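Structure record follows, encoded as structure tokens.
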Amino acid sequence: MTERTRSRVQAAEMSFLRRVAGPSLRDGVRSSAIREEHPVASFFHLFFRASAILVYLLCDMLSGRFIASMVTIILLLSCDFWTVKNVSGRLLVGLRWWNQVDEDGKSHWVFESRKFVNVSSSDDSSSADSRIFWLGLVVCPLFWVVFVFSTIVSFRIKWLAVVFMGLVLQWANLYGYVRCKVGGKSNLRTMAKNYLNLQIFKQVSESSQYLHQML
């Protein structure tokens with residue numbers, strides 16, 4: 001076997017091994033870098049709300065000063081509300097909501113959804129960003145619900161205003177983006193009506209099956 005033939009055989013073997021092994025490490029790094037398109041926005045989307053929860057949980061351990069802890073939590077909640085409403089929602093999922101005053105002086109709530117371009121790389125990045133966005137948006141308000149009940153049960157009345165503020169601000173963003181996702185008030189009514197009709201249909205079908213078995 002000549003040197004030229006041996007090099008061709010080795011090249012063919014390497015090509016076969018690449019096909020069997022799948023994408024290389026470099027390809028995996030490139031694909032993982034593509035999937036997260038807005039890492040800074042994703043970081044700050046979780047940073048402020050997670051920091052507010054941690055400061056509330058550790059305030060007695062880190063500092064016994066109620067005023068300093070309260071101001072820190074309120075600042076973190078305010079930064080989180082502004083970031084999620086004006087930055088991360090628009091960049092990560094293409095949604096935004098705001099209040100608009102028309103020429104007659106009437107106030108209207110606007111819920112907007114942006115259509116993504118159907119490109120494979122855009123789909124990968126938008127899916128990763130979307131998971132991060134909705135995970136932080138849904139999970140963190142649940143903590144503040146628990147904090148409200150625990151504050152009332154433990155009679156920590158001085159913290160009630162702080163936890164209630166956290167609950168209102170984070171649930172406001174959650175409600176606004178859910179309205180953007182489903183397309184506004186009309187779609188919410190349609191979804192509720194369809195769900196009610198489905199439940200009624202299931203009850204009727206179960207009742208008819210039960211009567212049929214009895215007969």
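The values are calculated or read from the model by the stated rules, or taken from the named source; none is laboratory data. Since this is a predicted model, take the numbers as computed values, not measurements. Don't worry about glycine lacking a Cβ; one is built from the backbone with ideal geometry, like all the others, and counts go over all protein chains shown. Note: areas computed on protein heavy atoms with side chains; ligands, DNA, RNA excluded. Shrake-Rupley method; radii C 1.70, N 1.55, O 1.52, S 1.80 Å.
Summing Cβ point charges (Lys, Arg +1; Asp, Glu -1) relative to the Cα centre of region 38-184 gives a dipole of roughly 240 debye.
In order along region 43-48, the Karplus-derived 3J(HN,Hα) couplings, from 6.51 cos²θ - 1.76 cosθ + 1.60 at θ = phi - 60°, round to 5, 6, 4, 9, 5, 5 Hz, and Gly and Pro are given as x. Most tightly packed first, judged by the mean number of other beta-carbon atoms within 10 Å of their residues, the peptides 98-105, 71-78 read 71-78, 98-105. Backbone phi angles across region 76-82, fed through the Karplus curve with coefficients 6.51, -1.76 and 1.60 (θ = phi - 60°), yield HN-Hα couplings of 5, 5, 5, 5, 5, 4, 5 Hz in residue order; Gly and Pro are listed as x.
When a 1.4 Å probe is rolled over the protein heavy atoms, the share of accessible surface on region 38-184 that falls to carbon and sulfur comes to 70 percent.
If you roll a 1.4 Å probe over the heavy atoms of the protein chains, what accessible area per residue do you get for region 38-184, in Å²? Walk me through the numbers before you get to the answer.
Details: 8430 Å² over 147 residues.
Ligands and nucleic acids excluded, the figure is 57 Å² per residue.
Each distinct pair of alpha carbons in region 42-100 adds a 1/r term; the inverse of their mean, the Kirkwood radius, is 12.4 Å. Write out the trypsin sites (Lys or Arg not before Pro) in region 42-100 meeting two conditions: DSSP loop, and at most 14 other Cβ atoms within 10 Å of their Cβ. Sparse-neighbourhood loop trypsin sites (Lys or Arg not before Pro): ARG65. Taking all protein chains together and a 1.4 Å probe, the residues VAL139, VAL146, VAL153 rank VAL153, VAL146, VAL139 from largest to smallest accessible area. Over the C-alpha trace of region 38-184, radius of gyration and Dmax come out as 17.2, 54 angstrom.
Less than 5 angstrom separates the built amide H of HIS38 from none of the residues sequence-distant by 5 or more or on a different chain.
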